[in-house]
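Below is one structure; the comments refer to it alone.
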Amino acid sequence: ILTGEPFMLGPIPRVIGHRGAAAHAPENTLEAICCAAAFGVEMVEVDVQLTRDEVPVIIHDDTLDRTTTGTGPVFERSWKEIRELDAGASFGRAFAGEHIPTLQDVLALCRELKLGLNVEIKPYPGTDLRTAEIALSVLENFGPLEGSLLVSSFSVESLRTAHSLAPHLPLGYLIHDRPDNWAAIADEVGAATINFDHTSETPQTIAAYAATGRPLLSYTVNTAARAKELFDLGVAGVFTDFPGRILKVAK
Ligand code: G3P
Ligand code: CA
């Protein structure tokens, strides 16, 4: 289901616009995705979580305070309340009027721009299963994109749910503090990629991930020098807030 192409058949190394292009436009907005596309990336990453009335919306933090004119947990607000908020002004006056998009909005834009999309499921505590269920149902109803689709999460419960509902959908297993049983989890959820934090790994631990045969993606890589090191270690793609910098060393 869902994918326009198997995940890793696109160009390698991949440069993935993090939260769109978070250094250049308000993160996780449609403007940030347009900005990433203008730099020439093939794929963008966004974070999805649920409103109180279970609308999947695109925002990173579990509270509204840092990036919007709202306050408090996203999960305590209805979509009607959230859609009124400004999600651009805190980044810069020129971006005032940007809104928190829904997952559906992002899919429509990625289809229009022919971009690949990595949807990170970012569940509010206790909503891991439901967030995955709802995000997947939106993805399934939307149908294929022209670019690749990858669903990822730090939440093993969300990954398990996604794997059981859509076994053919490529899943990225996001690792922050590497658990001892990471390899078993990757197998259990049928991970297509391992997505690791480059600041907490060594060439040896990266080699151990690579030995599983999965393509590796690394976050959040904001200098060309570090991206080049990772590409030289065989990393297939990086998430970056600065797509222009990294594209220069990815060619
Ligand atoms: O998916 C890579 C990266 O986005 C994970 O970290 O905190 O930026 O969502 P975070
Ligand atoms: Ca993310």
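The values are calculated or read from the model by the stated rules, or taken from the named source; none is laboratory data. Remember, predicted model here, so these are calculated numbers, not experimental data. Quick reminder, even Gly has a Cβ in these numbers, built from the backbone with ideal geometry, and neighbours come from all protein chains shown.
One table, with the values for the structure above:
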| read-out | value |
| --- | --- |
| Single residue of 177, 128, 105 found to be within 13 Å of ligand 1 (Cβ to nearest atom) and not hydroxyl-bearing (Ser, Thr, Tyr) | 177 |
| Total residues in the stretch 219-234, condition touching a His at 6+ places or on another chain (Cβ under 8 Å) and within 14 Å of ligand 1 (Cβ to nearest atom) | 4 |
| Single unsatisfied condition, residue 94 versus (1) farther than 26 Å from residue 193 by Cα; (2) in a helix (DSSP H, G or I); (3) of a type in the set (Gly, Ala, Ser); (4) in contact (Cβ under 8 Å) with a residue 24 or more places away in the chain | (4) |
| Every residue from the stretch 39-86 that is closer than 17 Å to residue 22 by Cα, more than 16 Å from ligand 2 (Cβ to nearest atom) and not acidic (Asp, Glu) | 39, 40, 64, 68 |
| Tally, over the stretch 164-191, of residues that are surrounded by fewer than 20 Cβ atoms within 10 Å (Cβ to Cβ) and under 17 Å from the mean Cα position of the chain (by Cα) | 1 |
| Every residue from the stretch 209-232 that is over 15 Å from residue 243 (Cα atoms), in contact with a helix residue (DSSP H, G or I) (Cβ under 8 Å, 6 or more places away or on another chain) and surrounded by fewer than 19 Cβ atoms within 10 Å (Cβ to Cβ) | 212, 214 |
| Of the criteria (1) part of a loop (DSSP other than H, G, I, E, B); (2) within 27 Å of residue 23 (Cβ to Cβ); (3) more than 16 Å from ligand 2 (Cβ to nearest atom), which one residue 109 fails | (1) |
| Tally of residues being over 22 Å from the mean Cα position of the chain (by Cα), surrounded by 16 or more Cβ atoms within 10 Å (Cβ to Cβ) and of a type in the set (Lys, Arg) across the stretch 77-119 | 1 |
| Scan of the stretch 40-66 for residues that are within 15 Å of ligand 1 (Cβ to nearest atom), of a type outside the set (A, V, I, L, M) and either over 23 Å from residue 130 (Cβ atoms) or part of a strand (DSSP E or B) (or both), ordered by number | 45, 47, 49, 63, 66 |
| Index of the failed condition, residue 176 passing every other in (1) in contact (Cβ under 8 Å) with a residue 60 or more places away in the chain; (2) within 16 Å of ligand 2 (Cβ to nearest atom) | (1) |
| Residue ID - nearest to ligand 1 (Cβ to nearest atom), chosen from residues in the stretch 67-82 that are over 29 Å from residue 171 (Cα atoms) and assigned to a loop (DSSP other than H, G, I, E, B) | 68 |
| Hey, residue 59 touching a strand residue (DSSP E or B) at 6+ places or on another chain (Cβ under 6 Å) and of a type in the set (Val, Ile, Thr) or not | no |
| From 19, 14, residue being of a type in the set (Lys, Arg), modelled with pLDDT under 95, crowded, with 17+ Cβ neighbours inside 10 Å and out of contact with any Pro (no Cβ under 7 Å at 6 or more places or on another chain) | 14 |
| Pick from the stretch 184-218, criterion among the β-branched types (Val, Ile, Thr) and away from ligand 1 (no atom under 16 Å from the Cβ), ranking: farthest from residue 170 (Cα to Cα) | 202 |
